[in-house]
Each structure stands twice: as C-alpha cells, then as structure tokens.
Amino acid sequence: MQLRGRKLKFTAVAALVVLSLTGFSTGRGHRSGGDGGGGGCSSSSQSHDSSSSSGGSSGAGTYRDYDDDDDYTDDTYDDSGSSDATTPLQDATVKLIDCATPTDSYATVEVTNPNAEGANFTVTVDFLDAGSDRVEVGTADEFVAANETATVQVDLSSPGVAARVERCVADRDAPGN
C-alpha cells in the first residue's frame, strides 16, 4: 500500500513539473484578460497587467514599451504590422511672382511646402485675356523640400498664346501628390 502512495505522489509531482515547464498554469495569481482563458498554454494574447488589452480585435493597436531598456518606442501599427506614424500631407501655398509676357511664355510662382517632409506639388495657373476670359490653364508638378520654398515656371502651350495673355491667377493652394 505504501508503494502505491509513493507512485501517486511521484506521478502528481512529475505532472506539475511538466505542466509548469510547458507553460500551463493553474490560473492562480494571473488575471484572465478577456480572451476566455484561465489556465492553458501561454500565448501572445494573454494579458499580464491591467494596462494592456488582448484578444480578438482587429484594426490598429498600440504597442507600449513598459520596461526601462529604451529599445522600443510607443508606436501605432495597422494589421499588416507597418507603422501608422505618417500624417496627411498639407497643401503647399502658392504666390504669383510674374505673369506671362509676349516674350516669356510662362508664369513664375513661389511654392512653399509647410510639411516636415519633401513632396511633389501640382501648381495651377489661369492665363486670362484683357476681358478676364481664360486663354489657357497651365499646370506644373514640382518637388519642394520640407519646410522650403521653390520657384516654379508654369509654361503656356506655345509662345503664340502668350501674346493674348493680359494677367495670371495662380491657385493659392497646390495639392501634394
């Protein structure tokens, strides 16, 4: 009878050792984080503190770096795991410098990029005649460095058209692309 008791005790201790080494737990001392789990195999969706959420939601999530080693920063990620840190590109501002003349078949504008990164912007200029009727619309794409201003030429389709132009009106905003 004594031998049978030792066998049961040994089997129970062996089972606990195996369970603790493989990541199973009895659920004591751990919070269940809403993922339906108590004990069971450890996984990346278990909640180990009250500040992180777990389980089943889709969409963007936030990784928080709670240790002091400064290896990672707090970033937001989408489902593919890529960083969602980019901000929408603001339109550049445009200022007309010179209009087309019979000898210069282009208008000159200044394009100011208010963004923290360089981008391409599309500038639009209306070329008008003496009666304020549109002769032509010209556009130009220009790369402007971050927080910089660039001078851009917006050409007419031909030098002959420039003779009909009396004044120019530049769109005040240039969308980024």
Q. Which percent of the accessible heavy-atom area of the range 98-177 goes to carbon and sulfur, probe 1.4 angstrom?
A. 42
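From the gyration tensor of the Cα coordinates in the range 103-177, what semi-axes in whole Å does the equivalent ellipsoid have, largest first, with each one equal to sqrt(5λ)? List each step's numbers first, then the result.
Values: eigenvalues 135, 24, 16 Å².
Values for the range 103-177, descending: 26, 11, 9 Å.
When Lys and Arg each count +1 and Asp and Glu each count -1, what net charge do the other residues less than 11 Å away from Val152, Cβ to Cβ, add up to? Before the final figure, lay out each step's value.
Numbers: positive: Lys95; negative: Glu110, Asp141, Glu142, Asp155.
Here the charged neighbours net out to -3.
The values are calculated or read from the model by the stated rules, or taken from the named source; none is laboratory data. Every value quoted in this text rests on a predicted model; they were computed, and no experiment measured them. As a convention, Cβ positions derive from the backbone with ideal geometry for all residues, glycine included, and neighbour counts pool all protein chains shown. SASA here: full protein model, heavy atoms, side chains in, ligands and nucleic acids out. Shrake-Rupley method; radii C 1.70, N 1.55, O 1.52, S 1.80 Å.
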